[in-house]
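Student: Sharing a structure here in structure tokens format.
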Amino acid sequence: MFRILELVGLLAPAAGVVLLVIYRRRATVGAGWGIAGCVVALLASGVGIADTRLAAIGSLGGATFVEQLHGWTLGRFGLLTLAVALLLIGAAAGRKQTAHSTSHGVGSARPTASRTVTMLVITGLALSTIGIVMQFVPIDLGNDHEGLTEIIGLLMETVEFALIGAGVLALSFAIVTDRPRSDSLPDPDDWLKRSALGVHRLYRQFHERRG
């Protein structure tokens, strides 16, 4: 199960790149921002993997293990924050503008989005934020439970990977969803509906076999 979650976290940004390349004609500007965000997210995943591997080695170059871990975590936090920001820019880029009145009576233009896009943005932002914040959750069960502390830390890191990956993929869908058709490809939200139905079907089959 945790291997699956780890794969979701690692492959989701790559799937986002593939999705944005396929639908780049529908959101030319937005796809460019989104691809950049997914690439940065992939780089952050690489930093996370390197962090995990170095954690088993200990100190390197005279720096203490805690200092190393803190430095890698901050670096990954910066990359993930940048990735989410780029994806949000991509989701808003190139959409129709509507005027909104302000307190001073002066109208301001803001991009409009459908309910589906709004839900994708909220979901992607929420999942990514939870995953990013989890990096800073301290886990210390004391010297007598160092092994258990390490196991829980690895499990949390796996869940963190999956949350961030799912968030990045949701934001990638938000970029290309509800765009004017310029090709014969099916709407991205159709993929989401079919995928959700497929996951639900597999979930039911799994529980029926166990029952």
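Each value in this text was obtained by applying a stated rule to the coordinates, not by laboratory testing. Predicted model only: the values in this text are computed from it and were never measured. FYI the Cβ positions are ideal-geometry reconstructions off the backbone, even for glycines, and counts take in every protein chain you see.
Student: What does the highest-first list of 27-40, 117-130 look like by mean Cβ count within 10 Å?
Tutor: Those peptides, ordered most packed to least, come out 27-40, 117-130.
Student: Mind giving me the FRET efficiency for Gln205 and Lys96? R0 is 45 Å, r the Cβ-Cβ distance, nearest 0.05 is fine.
Tutor: Between Gln205 and Lys96 the formula returns 0.60.
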